[in-house]
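See below for the structure under consideration.
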Amino acid sequence: MGQKPSKVHITETDKAILQLKRSKDEIHKYTKKSDRLIAIEKDRLKQLIHDNPKTYKKDTKVRFLLKKIHYQEHLLQQASDQLINLENMVSTLEFKMVEKEFVSGLQTGNEILKKLNAEFKDVDKLMDDVQDQIEYQAEVDNALANSVVGTNTFEDELDRELDQLDKEVNGLPELPTTEGLPAFDNRQKEKNEVERINNPQQNTEIQSKKEEALPA
């Protein structure tokens, strides 16, 4: 009789590595989705600035949308940093000693992923009902205020960023208008050019007549 295959022993470290892989896959998925969402929101922001060139800085939707973009980037960075922290825990030789911290960190990472997932739900509705999203706005403001030195500093940074976007959207020099200038038929110009190329002798005769007509 053959020997029974030995039972594979799965360690806690093996389980942790598997959980990390799943979290990495989730982060990669949300990063791609977030990049697309942020690109769409930036286009929307530029349109709002274009439609309100004089009042865009005071527009609640404009300022909140820019904050929202920064918030999404902040969540992605948080999730990425958390993964690095967990990877460092798994790589330690004494994983058992940090196992509880790992589980807690993994839960924190999952909470961040849930927040990222919420960013893709009812995006248009969120923009239409900005004034009603008090709790969400407070969360965004709190997260961004903690990521920079002082709320006023961040508001100033928003103003500078909006100014830069305004230059991109409304600050481009206008092309000169052709209004009032005589119309020019390009087709006639092309026709004359073709005739000049096809009849070089005729062109020479015309040039000679012009020279003869000049006063001596």
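For the structure I just gave you, tell me whether K54 is basic (K, R) and part of a helix (DSSP H, G or I).
Considered against the rule, which asks whether it is basic (K, R) and part of a helix (DSSP H, G or I), K54 comes out as no.
Quick check on my filter: what residues within the stretch 57-89 are without any contact (Cβ under 8 Å) to a residue 40 or more places away in the chain, in a helix (DSSP H, G or I) and under 23 Å from D159 (Cβ atoms)?
Scanning the stretch 57-89 gives K58, I69, E73, Q77.
Out of the stretch 33-73, which residues are basic (K, R) and within 23 Å of E139 (Cα to Cα)?
Result: K33, R36, K42, R44, K57, K58, K61, R63, K67, K68.
Here are some residues: A118, A79. Which one is modelled with pLDDT under 85, exposed (fewer than 15 other Cβ atoms within 10 Å of the Cβ) and within 21 Å of D141 (Cα to Cα)?
Within the list A118, A79, the selection yields A118.
Among the residues of the stretch 1-16 satisfying the criterion of being at pLDDT 70 or above and part of a loop (DSSP other than H, G, I, E, B), which is farthest from the chain's Cα centre (by Cα)?
Checking each candidate, the answer is H9.
The values are calculated or read from the model by the stated rules, or taken from the named source; none is laboratory data. Worth saying up front: this structure is predicted, and the values here are computed from it rather than measured. Cβ atoms come from the backbone with ideal geometry, glycine included; neighbour counts cover every protein chain shown.
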